[in-house]
Amino acid sequence: MTKEEEAIHNKEYVYRCIPHRAACDREGRLYCRAANAVLENPVYCSYCPCFAGRDGKEQPVCRYYDFPWQEKTDSRTPNQWKKYADGLIGAGLVPVFPDYIIKRDETEESIEQALQFAAEAHKRQVRKGTGIPYIVHPMEVLSILRGMTEDPDILMAGVLHDVLEDTPSGELELEQRFGPRVLKLVKKETEDKRRHLPAKDSWKIRKMEMISQIRREPAELKKIVLADKLSNMRATKRGYDKEGEAIWQRFNVTDPGMHRWYYMTIGEILAELEDTQAYQEYMHLCREIFGQVRSKG
């Protein structure tokens with residue numbers, strides 16, 4: 001029995017944070033440990049917080065990869081790797097999201113618990129118009145927030161910002177697990193979806209309510225909003241570069257002028273964060289994407 005097998009058997013699995021090539025097949029599919037999914041198009045790795053560059057063969061290197069995969073000798077396919085990981089997760093031997101922190105303090109442990117919770121809550125969800133696992137968005141929000149704050153509640157709320165809005169998770173569960181301040185921050189970033197109405201019919205009123213809400217809030221919430229919207233704008237820019245104007249068809253409201261109004265207004269509200277790198281990138285992307293947009297209305 002190998003050391004890894006013995007550790008698994010004893011429920012003492014040792015997680016590693018040693019960057020190495022992700023498990024790809026010849027067709028380019030790879031097993032993504034962070035999302036516990038097989039990705040058909042690993043080009044997305046270039047935009048993932050887990051990404052650590054590419055090797056000499058142009059295959060992605062993942063810094064959160066934590067299973068004992070042998071780069072030169074392991075012949076398992078991405079689907080076989082997922083089956084292996086699902087078995088370990090199902091047996092309670094490893095968590096849904098990689099436990100990648102080696103030297104952990106109380107703050108990092110809490111953030112990791114939030115990642116675990118979000119990964120489970122968003123399981124089987126994908127980013128709109130793509131096959132990208134949804135959990136990558138909260139991961140990116142966390143990565144952006146780390147450049148603006150070390151406040152653990154803000155970091156956790158960033159990871160969890162969509163769980164009330166887009167998953168069955170409830171307020172009581174969130175408060176019991178992560179505390180009242182995290183719940184308050186998440187609620188402030190949660191839209192009233194008005195699920196009794198078609199999404200396109202309620203879109204503008206929902207966005208107006210969010211704009212009104214953000215105007216009243218302090219910088220701690222505005223940082224979460226900025227990280228969320230910057231992640232969205234990065235995704236929109238990637239889609240726009242690939243699809244052009246057709247990208248707007250993936251949204252509930254297909255008029256790009258309405259999206260310009262919303263994101264530029266958010267930029268005005270968040271101007272107190274103008275000294276941050278995140279805000280500067282956000283406004284650059286807004287100007288680049290929406291500079292030539294004209295409303296259909």
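Kindly state which helices (runs of 4 or more DSSP H) lie completely within the stretch 192-297 and contain at least 2 residues that are touching a Gly at 6+ places or on another chain (Cβ under 9 Å).
Ranges flagged: 219-243, 256-269, 277-290.
Can you tell me which residue among L185, L164 is closer than 17 Å to Q213 by Cβ, in contact with a Gly (Cβ under 8 Å, 6 or more places away or on another chain) and in a helix (DSSP H, G or I)?
L164
Results for (1) of a type in the set (V, I, T); (2) under 13 Å from D228 (Cα atoms); (3) in contact with a helix residue (DSSP H, G or I) (Cβ under 7 Å, 6 or more places away or on another chain), shown as yes or no for each residue.
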site	(1), (2), (3)
G131	no, no, no
P138	no, yes, yes
L142	no, yes, yes
D153	no, no, yes
G158	no, yes, yes
E171	no, no, yes
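With respect to V159, determine if the residue is in contact (Cβ under 8 Å) with a residue 40 or more places away in the chain, in the same structural domain as E274 (by TED's automatic domain parsing) and in contact with a Pro (Cβ under 7 Å, 6 or more places away or on another chain).
Considered against the rule, which asks whether it is in contact (Cβ under 8 Å) with a residue 40 or more places away in the chain, in the same structural domain as E274 (by TED's automatic domain parsing) and in contact with a Pro (Cβ under 7 Å, 6 or more places away or on another chain), V159 comes out as yes.
Given the conditions (1) modelled with pLDDT of 85 or more; (2) more than 30 Å from G239 (Cα to Cα); (3) in a loop (DSSP other than H, G, I, E, B), which single one is not true for S169?
Result: S169 fails condition (2) only.
Quick one: is K242 within 13 Å of I289 (Cα to Cα), free of Cβ contacts under 8 Å to residues at least 24 places away in the same chain, within 24 Å of the chain's Cα centre (by Cα) and in the same structural domain as E173 (by TED's automatic domain parsing)?
Considered against the rule, which asks whether it is within 13 Å of I289 (Cα to Cα), free of Cβ contacts under 8 Å to residues at least 24 places away in the same chain, within 24 Å of the chain's Cα centre (by Cα) and in the same structural domain as E173 (by TED's automatic domain parsing), K242 comes out as yes.
With the structure loaded, tell me whether E120 is surrounded by 14 or more Cβ atoms within 10 Å (Cβ to Cβ), assigned by TED's automatic domain parsing to the domain that holds L270, farther than 24 Å from W261 by Cβ and over 19 Å from the mean Cα position of the chain (by Cα) or whether it fails that test.
The answer is no for E120.
I need the full set of residues from the stretch 43-91 which are part of a loop (DSSP other than H, G, I, E, B), at pLDDT 70 or above and over 23 Å from P138 (Cβ atoms), in order please.
Hits for the stretch 43-91 are D55, G56, K57, E58, Q59, D74, S75, R76, T77, A91.
The values are calculated or read from the model by the stated rules, or taken from the named source; none is laboratory data. Quick caveat: nothing in here was measured; it's all calculated off a predicted structure. Cβ coordinates were reconstructed from backbone atoms using ideal geometry, including for glycine residues, and neighbour counts include every protein chain displayed.
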